[in-house]
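Only one structure is covered here, and it is reproduced in the block below.
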Amino acid sequence: MNRTTLLLFKSEFWKDKRKIEIVPFSGSDCLLKHYDSDLEMDTECSIIEHLIKNGIHHVPRIYSRDSSAALMSYIKGIRVFNLFVVLDEYSKIDPIKALHIKRSILNRCEQQQKNLQNLLLSWKAAQTHYEPYPSLKLETAVSVLSDCLDISYDYGCISKEIRHISDYMAQHSVVPFRDSTTKNMILSCDDLFLRNYSSESERDAQIFKWIDNGKINELLASPIIDIDFSSCINDTTPEDDVIGLKFHQRTWDGSMPNASDLVWNFAPDPYRAAISFMVRFYRFGSRKASYKLLHKETAAKRFKYDDSCYYFDELPKFVNVLCPDVIDEYPAFFDFNTKVYKKLTRVEVCGDYFRESDLYEKETPYVDVFPN
């Protein structure tokens, strides 16, 4: 595998380099979170303080911090994402009941994210640092995917289109980048905490029983804790939060959105919504695909319940229904997207190229609440 591609993967996509520890504090387990930069740590701590001051209690507490890490409360429970995986399995038994539970949880999540977006806007108003989400990272995705999947493309054309997308995003990035996926939301319920079971299958079976006997309603009343605000060092478009929450592979309900469906606190804009989908879905899909293609062993755990093909397959459909002119405006981008989808569906990965390289470092991938 091309070393340049592996270097790009390590610098842009590899998330497992982040150091997180479980440490004792005042008789309880706490999370010691290490950051890549002072800005990330300052941002997360500042936001959590702002949210708590404004009556938000569904966030971790910060107990202390030093030059590179923050000590915060450790949330025991199940990621909402993983709960949705279980509910998707239960839908094979009772699709109506599974869908009802899933919708009720997603509605709670959406209301919380809407409120958070409002408070993040008030936090942002007091800040002096503004940095649009680096949409030029799409070029990294193109480079990695083209090498791994042996796709030829016109570099000049696609680079020009990505620069245009990046410029547009920079002009319309007015909301802190929350990264509001259900992987950043934990249902705080000890009964659902994976470390209390011998395996995921044992927990799944227990959840199935609780759904059948009605106890699940009591468990689902537990708080949903929002975690990880370090991404708010960047700003993004108003639609990004909604896309991240409601149009992920595990949360999309199958209906096609209009621009009004994609904003909470802003006026709808079909063109902006379409561009936002392009950036967000390409980042979602490209990270998952790059793990599959370059870091197979870790992908089998970190993205055990994700399908990268979903994002490349659905992206043109969402864009077309929102603003069909965008497809014609970015022909090189969408042609490349089609090629990626077709090759990704049939590619066979022979080994873990990143793990076998000298670039690999110790990592702690997890499938549910860290360190599970």
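Values quoted throughout were computed directly from the atomic coordinates according to the rules given, and no laboratory measurement underlies them. These numbers were taken from a predicted model, which means no experiment stands behind them. Please note: Cβ atoms are built from the backbone with ideal geometry, for glycine as well, and neighbour counts cover all protein chains shown.
Between the Cα long axis of helix 95-125 and the first principal axis of the chain there is an angle of about 80°, rounded to the nearest 10. Sequentially through the stretch 218-227, phi angles give Karplus couplings (6.51, -1.76, 1.60; θ = phi - 60°) of 5, 5, 6, 7, 5, x, 9, 8, 8, 10 Hz, Gly and Pro residues having no value and appearing as x.
Can you give the net charge of the other residues whose Cβ lies under 15 Å from the Cβ of Lys114, counting K and R as +1 and D and E as -1? Show your work: numbers first, answer last.
Values: positive: Arg108, Arg178, Lys246; negative: Glu110, Asp226, Glu239, Asp240, Asp241, Asp261.
Residues close to Lys114 contribute a combined charge of -3.
Take the alpha carbon atoms of the stretch 211-289, find their center, do the same for the stretch 87-110, and report the distance between the two centers in whole angstrom. So the separation of the two Cα centres works out to 16 Å. Projecting the Cα atoms of Leu7, Ser67, Leu116 onto the charge dipole of the stretch 7-116 (Cβ charges, centred on the Cα centre) puts Leu116 farthest toward the positive pole.
The calculated FRET efficiency for the pair Ser11 and His57, based on their C-beta separation and a Förster distance of 35 Å, comes to about 0.45.
If a/c stays under 1.5 just call it rounded; otherwise compare a/b with b/c (prolate if a/b is bigger, oblate if not). Do that for the stretch 264-345, with a ≥ b ≥ c from the square roots of the Cα gyration tensor eigenvalues. Kindly include the intermediate steps, with their values, before the conclusion.
Values: a/c = 3.07, a/b = 1.69, b/c = 1.82.
Oblate.
Annotation: amide H of Phe25 within the under-5 Å range of Cys30, sequence separation 5 or more or interchain, hydrogens built in the peptide plane. Dividing the convex hull volume of the alpha carbon atoms of the chain by its residue count gives 147 Å³ per residue. Ile165 sits among other residues whose Cβ lies under 13 Å from its own Cβ, and their net charge, with Lys and Arg +1 and Asp and Glu -1, is +2.
The label point for Asp328 and the one for Ala125, both projected 7 Å from the Cα toward the Cβ, are 4.2 nm apart. On a 0 to 90° scale, report how tilted helix 200-213 is relative to the longest principal axis of the chain, with both axes built from alpha carbons and the result rounded to the nearest 10. That works out to roughly 70 degrees. Enter the Cα centre distance for the pair the stretch 302-320 and the stretch 16-45, rounded to the nearest angstrom. Between the Cα centre of the stretch 302-320 and that of the stretch 16-45, the gap is 31 Å. Between the Cα long axis of helix 309-322 and the first principal axis of the chain there is an angle of about 70°, rounded to the nearest 10.
Averaging the sequence gap over all C-alpha pairs within less than 8 Å and six or more residues apart, then dividing by the number of residues, gives the stretch 1-144 a relative contact order of 21 percent.
The local environment of Arg287, defined by Cβ-Cβ distances under 9 Å, has a net charge of +2 under the rule Lys, Arg +1 and Asp, Glu -1.
Given a Förster distance of 25 Å, report the FRET efficiency between Tyr366 and Ser37 from their Cβ-Cβ distance, rounded to the nearest 0.05. Could you put the intermediate results ahead of the total?
Numbers: r = 22 Å, r/R0 = 0.90.
That pair, Tyr366 with Ser37, gives E of 0.65.
Among beta bridges from DSSP that stay inside the chain, the antiparallel ones total about 95%. Equivalent-ellipsoid semi-axes for the stretch 61-158 (Cα gyration tensor, √(5λ), whole Å, largest first): 33, 29, 17.
How big is the charge dipole of the chain about its Cα centre, in debye rounded to the nearest 20, if each Lys and Arg gets +1 on its Cβ and each Asp and Glu gets -1 on its Cβ?
Numbers: 47 positive and 55 negative charges, 117 e Å.
Here the size comes out at about 560 debye.
With N residues in the stretch 158-206, what two-decimal value do you get for its Cα radius of gyration over 2.2 N^0.38 Å? Let's see the in-between values first.
Working: Rg = 20.4 Å, N = 49, 2.2 N^0.38 = 9.7 Å.
Scaled against compact globular proteins, the figure is 2.11.
Mean separation of Cα pairs under 8 Å and 6+ residues apart, divided by the residue count of the stretch 84-176: what relative contact order is that in percent? Display every interim value, and only then the final one.
Numbers: 37 pairs, mean separation 28.4, N = 93.
So the answer I get is 31 percent.
Largest first and in whole Å, the equivalent-ellipsoid semi-axes of the stretch 181-231 read 23, 14, 8, each the square root of five times a Cα gyration tensor eigenvalue. Residues whose amide H lies under 5 Å from that of Tyr74, counting only those 5 or more places away or on a different chain, are Leu31; hydrogens are built 1.01 Å from N in the peptide plane. After finding the eigenvalues of the alpha carbon gyration tensor for the stretch 1-122, what semi-axes result from the square roots of 5 times each, listed largest first in whole Å? Each semi-axis is the square root of five times an eigenvalue, giving 29, 24, 17 Å. With contacts taken as Cα pairs under 8 Å at a separation of at least 6 residues, the chain carries a relative contact order of 22 percent. Phi angles of the stretch 324-335 translate, via the Karplus equation with coefficients 6.51, -1.76, 1.60 and θ = phi - 60°, into HN-Hα couplings of x, 4, 5, 4, 6, 6, 10, x, 5, 4, 6, 5 Hz per residue; Gly and Pro are given as x.
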